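Worksheet: the structure to be examined is printed underneath.
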Amino acid sequence: MENIAMRDAFGAALVEIGKTNDKLMVLDADVSSSTKTGLFGKAYPDRFFNMGVAEANMVDVAAGMATVGYRPVVSAFAIFLALKATDQIRNVVCYNNLNVIIGGGYSGLSDSFDGASHQSITDIAIMRAFPNLTVLCPADANDVEAALRQALEIDGPVYIRMCRNPGPVLDKNPLTIGKADTLVEGDDVTIGACGLTVPMALEAAALLAEKGVKAEVLDMASIKPLDREAVLASVEKTGCFLSVEEHSIHGGLGGAVSELLAKNKPVPMDFVGVEDCFTESGPYDLLMEKYGISSSAIIEKAQALVASKS
Amino acid sequence: MTTKTNKELQALAQQFRINVIKTLNDKGTGHWGGSSSVAEILTYLYFRQMNIKPEQPDWADRDRLILSKGHASPMLYAILEEKGYLPEGTLSSFREINSTLQGHPCMNKTPGVEMSTGALGHGLSVGLGMSLMAARNENPFKTYVIVGEGCLNEGQSWEAIMAAGKFAPKDLVLLVDYNKVQLDGHSKDIMPLDPLADKFRSFNWNVAGKTYNGHDVDEIEKSFKWLSKQNEGPCVIIYDTTKGKGVDFTEDTHTWHGAPVSDDHLKDALPQLKSVLSKWEDE
Ligand SMILES: Cc1ncc(C[n+]2csc(CCOP(=O)(O)OP(=O)(O)O)c2C)c(N)n1
């Protein structure tokens, strides 16, 4: 399996789309060599704006551009967009339903060595709470390009959450806004994953199968809008749900699914993600393991859920 | 519409003050101090300066105005109504449920409002984005942003001032309604900004050489004459103004930032406002 980083795909897709879409404007906050929007800046210097280390201003500048009919993409680290530009995203971009694409790089624990100050584990919770905002968590490089192309077609703002590090390019359909994709069918437990936890969930499902547990794996890249029908149909079969995300267990994908199921079909649930704590520096894989985001954690919680049904 | 004389604009601005204070009294809510402070500046923009078509609010080449101090919405609404963006009588629905007139301006509810504001500090950034894209148009429009000094307390304002200095959009114009009173008190006690013009200069802005009296239409006219001769942006004009202008007990005090206007207050205020109005009408 080929490994590609989402940011490389993001930069390349921007350059490609920029060939034909002259309304595309790209803004970055002095991290364009990290997020790879610098590739766009090199290709189209007159449509690229380096706004300096000032995320709040950047988001509102993009909003102003959108009011004049342009299609701005703002790019920075996910944590700083979600925290330093929260007011701008809520009060200007979302309130006015403006066509601004927010590309959050280095999401989850993927800025691993930089430590807790740079690790974005509450961005889904924040973004998901804003009306009008579409929230996407692509699973691989192909998804990133698909997310970007669709985001440029729809009316309204879109948040695209991207991992820093190379990850596998999966043999699956590319992301579709509003749709969950069933990657593995099973009737014992539903595992809903997003981002880089999708390949992790696939690995866990294969190992669970060896233990006789038939897990259904949903790729839930479209966190908002959530594919309600897919989730409800799946738990109709399996009777339990395990959410998996590189995010706090509070307010992210697990939160979104809980809200849906609590009202429409309460079933036993559990959550794989960062517990209510701050994380730390270290190699990415070891951090994920330490903070409970791993195929072994998925297997353990899935088995417990299945057991709790009987 | 025939162009109005400066005296007619003075009278018009004063009439807007009266419309606003009556509305605020009627509704028991809304911000008088900052609305009154910006009356002449806004009136001049809408009735003399800006290239707009009220009958076609989405006309692509229109000049844009962002009221970054969004709490002065009643003054903006009074003017939009007079210009014909809003049906006559709309002002009386200010802040009511289901109204087109929100407490703070909302671009998706009120025709003529270019950007929703209310949280301070956003306006200049948005205006920068608009003006950067205007420069790509065949007919570049002007983008005017109005801030108060309280709005300039926000860190984001300085991010925007810094970025505008870098990108230097020719048609971005910042107008400072410098009344030196914020919500909590005088700016010298809350957060002093002087020397303000020097701050803009050091961020590479094109700063009007003097501070103009923002209640004197002759002076405002001069400030825009200065603007018309500028080839380099971004431009900033600082206006000396008085918060709560026109009513003796509301002038230059933060207590009238957002206090409700009671019937007694109105009874006191109206004769003062009206006598100045008739002075302008008689001249
Ligand atoms: C982000 C934010 N913080 C606080 C407020 C509350 N607030 C409303 S107006 C104001 C003071 C505004 O002062 P200034 O910009 O000078 O306006 P003016 O004096 O002209 O009314 C404050 C603090 C707000 N609207 N937005």
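The values are calculated or read from the model by the stated rules, or taken from the named source; none is laboratory data. Note that the structure is a prediction, hence the values are computed from the model and not measured. Heads up, the Cβs are rebuilt from the backbone with ideal geometry, glycines too, and the neighbour counts pull from every protein chain shown.
Summary of computed values
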read-out	value
Single match in A:K309, A:K211, A:K237 (criterion: more than 22 Å from the chain's Cα centre (by Cα), at pLDDT below 95 and more than 30 Å from A:D114 (Cβ to Cβ))	A:K309
Candidates B:V147, B:V113 - the one that is more than 8 Å from every other protein chain (Cβ to nearest Cβ) and assigned to a strand (DSSP E or B)	B:V147
Given (1) in contact (Cβ under 8 Å) with a residue 24 or more places away in the chain; (2) surrounded by 24 or more Cβ atoms within 10 Å (Cβ to Cβ), number of the condition A:L287 does not satisfy	(2)
Residue within region B:58-74 that is among the aromatic types (F, W, Y) and more than 16 Å from the ligand (Cβ to nearest atom) present	yes
Residue within region B:79-94 that is within 16 Å of the ligand (Cβ to nearest atom), without any contact (Cβ under 8 Å) to a residue 12 or more places away in the chain and assigned to a loop (DSSP other than H, G, I, E, B) present	no
Single unsatisfied condition, B:M130 versus (1) without any contact (Cβ under 8 Å) to a residue 60 or more places away in the chain; (2) of a type in the set (A, V, I, L, M, F, W, C); (3) at the interface with chain A (Cβ under 10 Å from one of its Cβ atoms)	(1)
Scan of region A:127-144 for residues that are surrounded by fewer than 21 Cβ atoms within 10 Å (Cβ to Cβ) and touching a residue at least 60 places away in the same chain (Cβ under 8 Å), ordered by number	A:R128, A:A129, A:N142
Subset of region A:51-74 (residues that are farther than 16 Å from B:Q156 by Cα and under 24 Å from the mean Cα position of the chain (by Cα))	A:A66, A:R71, A:P72, A:V73, A:V74
Answer from A:S258, A:S234, A:S222, A:S243 - the residue that is of a type outside the set (D, E) and either touching a residue at least 60 places away in the same chain (Cβ under 8 Å) or touching a Cys at 6+ places or on another chain (Cβ under 7 Å) (or both)	A:S222
Qualifying position, being closer than 16 Å to B:R17 by Cα and part of a loop (DSSP other than H, G, I, E, B), among B:G34, B:G103, B:G30	B:G30
